[in-house]
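Asks: Take a look at this one; I'll ask things after.
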Amino acid sequence: MVVFDVDGTMLDVDGFHDELVHLARRVDREVMTVSLASGRTLPNVTPIMQAIGASGFIVAENGGMVWDSTEGHEILSLSDGSRAKAAAEWLATKIEGLDPRGIESNRWRETEWCLKETDQHDLMSQLISDSEWSDLEVVPTGFAVHIVKPGIDKANGLRIALERRGVDPSRVIACGDAQNDIPMFNLVGFSVAVNDEYPGVVEAADCLTDSRGKEGSVELLRALLG
C-alpha cells in the first residue's frame with residue numbers, strides 16, 4: 001500500500017497535477033492500493049478519494065478519523081474536539097488578532113480544532129503548556145495550526161486502518177510534505193518527502209523527491225509504475 005498526504009503533496013492551491021489522478025488510479029489498479037492520510041476533515045477528503053477512484057481507506061483530521069468504506073467499516077472517531085475548540089477560544093484572549101473560529105472546515109471537524117496558519121505557533125505551544133489545556137498540543141502543518149490531543153496523529157490513525165486490513169506497516173510507503181507527516185513516516189516501511197521546507201521532515205523520510213510538492217508525488221507514482 002502507498003499512503004499519500006493531501007495538501008502540499010497531492011494538490012495545492014492550483015488543484016491536482018494534470019497527470020496525478022490518472023497515475024494514482026493506475027498505481028491503485030496495477031501495483032498497490034492507494035490510501036489517503038490528511039489533516040483535512042473527512043467530508044473534505046472523501047471527494048478527493050472519489051476523484052482519484054482509489055480502493056484504499058481515509059485517515060482524516062491527522063489521524064483522528066478513520067474510514068474504510070471499501071471494507072465496509074463504520075467511521076471511527078478517536079477523540080472529542082470540544083476541548084481543543086475551548087483552548088483556541090482561550091488562546092484568542094492571549095494573542096492579539098488570533099481568530100478563534102479558525103479555518104472554515106472546523107464546522108465539520110470532530111477530533112481537533114484548526115486555527116489559520118500563523119508564525120506564532122511557538123507562542124501558542126508555550127501558552128497551552130502552562131494552561132488548563134496543557135493536555136493538548138499545537139501542531140503546525142503549513143496550511144493550518146492544529147490543536148489536538150497528544151497521541152492523535154497520522155501514525156495512530158494509520159495503524160488502526162492497517163490493522164483492519166491486515167496490512168503490515170513495514171509493507172507500506174508513505175508520502176508527505178510537512179511535520180504532521182513525521183509520525184506516519186516513522187511507522188511505515190518506507191517514507192518519501194516531497195518538501196524540504198519544514199524542520200525534521202527530510203530527516204524523518206527515507207527519500208526526498210527531486211521535484212517538490214505534487215510534482216514530487218507524480219515522480220513517486222511514475223517510479224511505482226516502473
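Asks: I'd like to check something: does the range 200-211 contain any residue that is under 16 Å from ASP7 (Cα atoms), over 18 Å from the mean Cα position of the chain (by Cα) and of a type in the set (Gly, Ala, Ser)?
Replies: Yes, the range 200-211 contains at least one residue that is under 16 Å from ASP7 (Cα atoms), over 18 Å from the mean Cα position of the chain (by Cα) and of a type in the set (Gly, Ala, Ser).
Asks: What residue, among those in the range 49-104 that are of a type in the set (Ser, Thr, Tyr), within 24 Å of ARG159 (Cβ to Cβ) and assigned to a helix (DSSP H, G or I), is modelled with the highest pLDDT?
Replies: Only one residue tops the list, namely SER69.
Asks: Name every residue in the range 5-44 that is assigned to a strand (DSSP E or B), among the hydrophobic types (A, V, I, L, M, F, W, C) and over 19 Å from VAL139 (Cβ atoms), in order of residue number.
Replies: LEU11, PHE16, VAL34
Asks: While we're here: Since GLU132 meets every condition but one in (1) out of contact with any Pro (no Cβ under 7 Å at 6 or more places or on another chain); (2) touching a residue at least 60 places away in the same chain (Cβ under 8 Å), which condition does it not meet?
Replies: Looking at each condition in turn, GLU132 falls short on (2).
Asks: Within the range 107-122, how many residues are in contact with a Leu (Cβ under 9 Å, 6 or more places away or on another chain), assigned to a helix (DSSP H, G or I) and either more than 20 Å from GLY142 (Cβ to Cβ) or modelled with pLDDT of 95 or more (or both)?
Replies: Selection size over the range 107-122: 1.
Asks: Determine, yes or no, whether GLY72 is without any contact (Cβ under 8 Å) to a residue 60 or more places away in the chain and either of a type in the set (Lys, Arg) or farther than 21 Å from PRO47 by Cα (or both).
Replies: So GLY72 fails the test.
Here is a yes/no grid of residues against (1) within 22 Å of GLU112 (Cβ to Cβ); (2) at pLDDT 95 or above; (3) in a strand (DSSP E or B):
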| position | (1), (2), (3) |
| --- | --- |
| HIS146 | yes, no, yes |
| GLY157 | yes, yes, no |
| ALA161 | yes, yes, no |
| ILE182 | yes, yes, no |
| VAL192 | no, yes, yes |
| ASP210 | no, yes, no |
| SER217 | no, yes, no |
| LEU220 | no, yes, no |
| ALA223 | no, yes, no |
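The values are calculated or read from the model by the stated rules, or taken from the named source; none is laboratory data. These numbers were taken from a predicted model, which means no experiment stands behind them. Ideal geometry is used to build each Cβ from the backbone, glycine not excepted, and the neighbour counts take in all protein chains shown.
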